[in-house]
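What follows is a short report on a single structure.
What follows draws every value from the coordinates through simple rules; no lab data is involved. On a predicted model such as this, the values are computed, not experimentally measured, just so you know. Please note: Cβ atoms are built from the backbone with ideal geometry, for glycine as well, and neighbour counts cover all protein chains shown.
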Amino acid sequence: MPATELQFSVKFDARTETIAKTKTSFYYKCPFSAVITMGTTVIKACIGVSAPAPYNTVLFTFKPEVTPEQRCDVKDCINALPSQIPAIQSLVTGETVFNHLGHGYEEGVIFLFENVAKLNEYRSHKAHLDYQGLARPLTEAILIFDIESAA
């Protein structure tokens, strides 16, 4: 499958970021204020953010013997999680853009949750455990890092 490049600008309140990424997925059902521009299409979403929110970041590297089909299965499983786990407010997935400080991680996922209770709900959800059961045998390196944003 040829790589698809997505390029768009995202304006979060007073901050604007331009994103160009190959094979990147964006899913939002979260509280944020944004204007997303993709070519001539403009998507606006405005919902207030009122409290600190936890982010769950997962970085991983597939084992060398993992097939393209297996990689696709893991990515499809990740992208299906928001429809199965209501606690997930948003997720962003994608392949690495090389960084010499990236420690060799190839893929990444960032999940956003309303609060720590929702993060904990996600951790014990059957769909999350099934995703772990699929992905763990196929990965040789994984880093999970949780932060809470400032209000």
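State the extension gain, in nm to one decimal, for the chain segment bounded by Leu134 and Glu65, taking 0.36 nm per residue of separation less the distance between their alpha-carbons.
Details: separation 69, 0.36 × 69 = 24.84 nm, distance 1.51 nm.
Taking Leu134 through Glu65 to full extension adds about 23.3 nm, to one decimal.
Taking the Cα centre of the range 74-151 as origin, sum charge times position over the Cβ atoms of Lys and Arg (+1) and Asp and Glu (-1), and report the length of that vector in debye to the nearest 20.
Numbers: 5 positive and 10 negative charges, 39 e Å.
Approximately 180 debye in magnitude.
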